[in-house]
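The values are calculated or read from the model by the stated rules, or taken from the named source; none is laboratory data. Since this is a predicted model, take the numbers as computed values, not measurements. All Cβ positions, even for glycine, are placed from backbone atoms using ideal geometry, and neighbour counts span all protein chains on display. Just the protein is used for accessible areas: all its heavy atoms, side chains included, with ligands, DNA and RNA removed. Shrake-Rupley method; radii C 1.70, N 1.55, O 1.52, S 1.80 Å.
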Amino acid sequence: MNVHDILQNPDEHVRFAAYLDKLGHVADANELDLVSRVLTDPDQTMAQSAVLRHLDRRAAGLYPGPAYEGWAQAMTQATIDHRFLAQRLREAERQAKPAR
């Protein structure tokens, strides 16, 4: 099932689950495009919730590794029009850094 097919399903719960599945299996090279496409869903609350869960999972898996910084910058660009998601990325980074 591709993202276009997911968008055709009228049930937001089904779309949410399908988005999470796609996001959980996306190749790194396709992640930015997929996040952007999910955020085109007309149900913005559901779409942003799916992306938020994905961002939290990926941040936890990447931080503090060398790939985190580039990934966070790319995701910030993908979510720039979605203030809550961009803010969450900043919060996740602050929370992940050890206190000094």
Carbon/sulfur fraction of accessible area - the chain, other protein chains in place, 1.4 Å, %: 52 percent
Point-charge dipole on Cβ atoms (K/R +1, D/E -1) for the chain, about Cα centre, debye to 20: 520 debye
Relative contact order (%) - segment 9-100, alpha-carbon pairs under 8 angstrom, separation at least six: 26 percent
Accessible area of the chain divided out per residue, in Å², using a probe of 1.4 angstrom: 62 Å²
Label-reachable residues, segment 17-31, where backbone N falls under 19 Å from a point 7 Å from Ala74's Cα toward its Cβ: 20-31
Furthest towards positive pole of dipole, Gln73, Gln48, Ala27, structure part segment 1-99, Cβ charges: Gln73
Separation of the His13 and Asp81 label points, Cα + 7 Å toward Cβ, nm: 3.0 nm
Contour excess over end-to-end distance, with Cα ends at Asp33 and Asp5 and 0.36 nm allotted per residue: 8.5 nm
